[in-house]
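Step one of this worksheet: look at the structure below.
The values are calculated or read from the model by the stated rules, or taken from the named source; none is laboratory data. Note that the coordinates shown come from a computational prediction; the quantities given were computed from them, not determined experimentally. Here the Cβ is made from the backbone with ideal geometry for all residues, glycine too, and neighbour counts use every protein chain on show.
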């Protein structure tokens, strides 16, 4: 563990100002960063504690949506009645994540910014392009069962571990960001990056940019939404695959659908191809399977010494079909 | 035959005497030992799997504020004995496995020590390494013995001939994964050398046995026994990995010798526990079973391939339970090892029986299905009259009763034997059964001292409580042996200043220590009667002459599992898991239940989750933390029940106890595998069973 300076600024403006220097990181709930500090994966010069600087309130917005301050904990957000009624997919995703203790600490702003997950990234004795650009990807040809099948590159095949982020991607949430040059809003689906040839960056945020709040747009269809997380262990495990889905079906026809996949890519994977295939079509298992096939057309499973992750392709299909089937049944009886 | 102690305190579900201290956090564990201004030790580990350290640059580490000393393979003291290569810390520049310790740092704080350890620059001459276990390797060898001293191979009759002529046969290969013990408390030591220079060392260590640990440390450091004190009042689990001292204990002692008079603390990190504290070898089990139409076995054989470290041989006795479990005229067991450039594997809860009760117990399930015989009934039909291996009568064997009572309690009767046909909502449902077994052991060396002081009886013995309940159960035995209320007994354990005690291992702890206590109590009463004077004391060891050699002594059990498989995703859940055990006298039902259900859960964990992933390119386990090495959590455990028969065995020891720490893990994974097959029709023969294997066959 490398020593670092610790700052506790008085407000977000000061926080952003002091974090502009390279080597500065924000500390939210710390559930990921503190692990990485201990492991030597994160080696900041300055840790800027923002836990008490942003809002810890969930408020209604004028357009009928919700706005959650960055300091709202995962537990609080999951328990919010408005979230549970209007965006059940988000409440379910939050509760599927981590453990009660971690959810009590992890924050709305911090959760989406946890780093992608890979055993080699977390082991500083192994090469990793994300940790040390240019050293190579140890996961390729190694253990890959938890790794990406969509959007990966030769530089990195890690997956993003957040459950919450998958729901936010499906809900078209927007991210309020304060940076050195002022405020901006980033569509949630554009917050995370694919690895390409620079996997060192997980998001589009620039040095010093701080998430201050998460906006949930009004989406009446989201009242019929669900998060399905598939994992070996019944709790305290990252998703092998997960599906966040919003479905509006009338008379057997898909009026609207939003789908995001977790556990398959470097970012929460918005399944736009599948959505397109489904919209206006029949809400049948065959149509759901066809939509999944459409989305997975470019899937590239990884072989691995642990058996690889080829199973994720049929697993995504089965999980997506089941989730949409159940949401259809919930509406059409 | 021994005269069995009349149970009065024994059999009572007394609460743990150390419970309040543990809940309040006042029970001190090794690392927490109060010490003035302790120094902290951090380790430098090899990042190559094989080779030689050519240079170590310690300048940057030494320049760091707060660093007290840096010791490397080039500067370390020479140890008195390097006979045990695992413990020959910092004695050679040769690297035998990735993660081997090549240096250590002492600093004022643990943070500084770890930072400095990161700054130590090690240069290697790296050599190709070999870390892949495969059954088709051409360099497998036959060890002289398997742990702890069993014949490597046994054969009776002609298995091949029986297989060729049998009505039904099963012939498959099964495998178990690599497992790491992962006690919650890491391997940790506080070490202090007497500053006077007279060479007296105190080790507060997380160990399963203070005396065995002291004996080893004395040998390695070349010290007389009375120069070393080992203290371990509370231990946060060991599961065998603290049964013998690992290199961390030697390193702590070496580090502290650099700073005499100053306590040095060394705790392994969770990641380091994956390379320095032992583990269970993966096993590849070729199992053959032959039977007639009624299910009577004509042959049973297991040929095991497993691994050992090149540093030190450990041959897990995986084939041993097949030698005695069922009646069959033709039997064969063999063990072959691959010696690899990997860390030293060692004891893990039920070495031998745990992996060895997987393949054969699944094979029996396959045989039962092939023959159309209920798997409970199949096992009953193959109950041996006497130990098939030695011909000795059983001291007691109630496997059949366990199977019957378990079937009754579980609701097994009327089970539809067909696989893959039950569906409840979105779940495919199945049930499975397997047998459990563990040998009843008693160690040679244990001595107890009983002293009458201030109206109470103090019992002193260097026994260990690794979470098993010794603080509570030993007083129960002592009270019955002295014929006094349990409140009149105070037991003192976990310190070498008390009389010698054996390791808490092989489920032998209470059998051995309790025997010593009973001997001491009888001798005490014989000497002083029932009205002793203050200060009267008696010290007596286990009576070796009373050790029964004429019977085969084992605990038995049966485990029943309901598995549910999600028809959409293949996710496996186990809502019901029930075990019935015949394990002799149960001294304390409260602490006993904890051991049974703990071991059964560990078996569930082995079936579905635990899997140390070795990357053969680097030669190390890459999922080396508890986020990635999955152990079953609360949500995985449903209705988990442990029951036991009221078994009286006059042959094993004066208490009639058989030991219960390990039997619960044996057979558990097979019961889960058999239930998953019954739920889905998919026979998974390789652990862990995960949804990948089931997906292609789901509806």
With the condition kept exactly as written, say whether any residue in region A:29-39 is part of a loop (DSSP other than H, G, I, E, B), over 23 Å from residue A:214 (Cα atoms) and within 14 Å of chain B (Cβ to nearest Cβ). no
Here is a check on your reading of the model: is residue B:49 more than 34 Å from the chain's Cα centre (by Cα), under 27 Å from residue B:622 (Cα atoms) and assigned by TED's automatic domain parsing to the domain that holds residue B:117? no
Determine which member of the set B:643, B:630 is surrounded by fewer than 20 Cβ atoms within 10 Å (Cβ to Cβ) and either assigned to a strand (DSSP E or B) or within 7 Å of another protein chain (Cβ to nearest Cβ) (or both). B:643
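Return yes or no: is residue B:514 on the phi < 0 side of the Ramachandran plot, at pLDDT 95 or above and not assigned by TED's automatic domain parsing to the domain that holds residue B:656?
Yes, satisfied.
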Subset of region A:292-333 that is over 19 Å from residue B:695 (Cβ atoms), more than 12 Å from chain B (Cβ to nearest Cβ) and part of a helix (DSSP H, G or I) - its residue that is modelled with the lowest pLDDT: A:332
Qualifying positions in region B:526-555 - touching a helix residue (DSSP H, G or I) at 6+ places or on another chain (Cβ under 7 Å) and modelled with pLDDT of 95 or more: B:536, B:538, B:539, B:555
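Hey, among A:147, A:160, which residue is more than 14 Å from chain B (Cβ to nearest Cβ) and either surrounded by fewer than 18 Cβ atoms within 10 Å (Cβ to Cβ) or at pLDDT 95 or above (or both)? So that I can check it myself, show each step before the final result.
Values: A:147 fails: more than 14 Å from chain B (Cβ to nearest Cβ).
Sole residue among the options that is more than 14 Å from chain B (Cβ to nearest Cβ) and either surrounded by fewer than 18 Cβ atoms within 10 Å (Cβ to Cβ) or at pLDDT 95 or above (or both): A:160.
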Just to be sure I understand, how many residues within region A:1-19 are loosely packed, with under 14 Cβ neighbours inside 10 Å and assigned to a loop (DSSP other than H, G, I, E, B)? 3
Can you tell me which residues in region A:1-22 are without any contact (Cβ under 8 Å) to a residue 40 or more places away in the chain and touching a strand residue (DSSP E or B) at 6+ places or on another chain (Cβ under 6 Å)? A:18
Considering only residues of region B:463-485 that are within 20 Å of the chain's Cα centre (by Cα) and part of a loop (DSSP other than H, G, I, E, B), which is surrounded by the most Cβ atoms within 10 Å (Cβ to Cβ)? B:463
How many residues are part of a helix (DSSP H, G or I), in contact with a strand residue (DSSP E or B) (Cβ under 7 Å, 6 or more places away or on another chain) and more than 30 Å from residue B:255 (Cβ to Cβ) if we restrict to region B:113-164? 3
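To keep it simple, each residue is scored yes or no on (1) under 15 Å from residue B:145 (Cα atoms); (2) surrounded by fewer than 23 Cβ atoms within 10 Å (Cβ to Cβ).
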position	(1), (2)
B:283	no, no
B:286	no, yes
B:305	yes, no
B:308	yes, yes
B:316	yes, no
B:325	no, no
B:329	no, yes
Restricting region B:486-516 to residues that are touching a helix residue (DSSP H, G or I) at 6+ places or on another chain (Cβ under 6 Å) and over 20 Å from residue B:235 (Cβ atoms), the one surrounded by the fewest Cβ atoms within 10 Å (Cβ to Cβ) turns out to be B:486
Only listed residue being within 13 Å of another protein chain (Cβ to nearest Cβ) and under 19 Å from the mean Cα position of the chain (by Cα), chosen from A:96, A:71: A:96
So for region A:163-175 (the condition being in a loop (DSSP other than H, G, I, E, B), touching a strand residue (DSSP E or B) at 6+ places or on another chain (Cβ under 6 Å) and over 26 Å from residue A:218 (Cβ atoms)), does at least one residue qualify? no
Residue under question is residue A:109, and the condition is that it be buried (at least 24 other Cβ atoms within 10 Å of the Cβ), in contact with a strand residue (DSSP E or B) (Cβ under 9 Å, 6 or more places away or on another chain), in a loop (DSSP other than H, G, I, E, B) and touching a residue at least 24 places away in the same chain (Cβ under 8 Å); does it hold? yes
Can you tell me which residue among B:659, B:598 is in the same structural domain as residue B:341 (by TED's automatic domain parsing), in a loop (DSSP other than H, G, I, E, B) and closer than 22 Å to residue B:13 by Cα? B:659
So is residue B:561 in contact (Cβ under 8 Å) with a residue 12 or more places away in the chain and within 27 Å of the chain's Cα centre (by Cα) or not? yes
In region A:96-106, how many are buried (at least 19 other Cβ atoms within 10 Å of the Cβ) and free of Cβ contacts under 8 Å to residues at least 40 places away in the same chain? 1
How many of the residues making up region B:605-622 are surrounded by 24 or more Cβ atoms within 10 Å (Cβ to Cβ) and either without any contact (Cβ under 8 Å) to a residue 24 or more places away in the chain or at the interface with another protein chain (Cβ under 7 Å from one of its Cβ atoms) (or both)? 3
Given A:57, A:85, A:76, which one is within 30 Å of residue A:222 (Cα to Cα), loosely packed, with under 15 Cβ neighbours inside 10 Å and in contact with a strand residue (DSSP E or B) (Cβ under 9 Å, 6 or more places away or on another chain)? A:57
The strands (runs of 3 or more DSSP E) lying wholly within region A:182-283 that contain at least 3 residues that are more than 14 Å from chain B (Cβ to nearest Cβ), farther than 15 Å from residue A:151 by Cα and touching a residue at least 60 places away in the same chain (Cβ under 8 Å) are A:210-216, A:241-250, A:253-262
Please determine whether any residue of region B:235-245 is within 17 Å of residue B:89 (Cα to Cα) and touching a residue at least 40 places away in the same chain (Cβ under 8 Å). yes
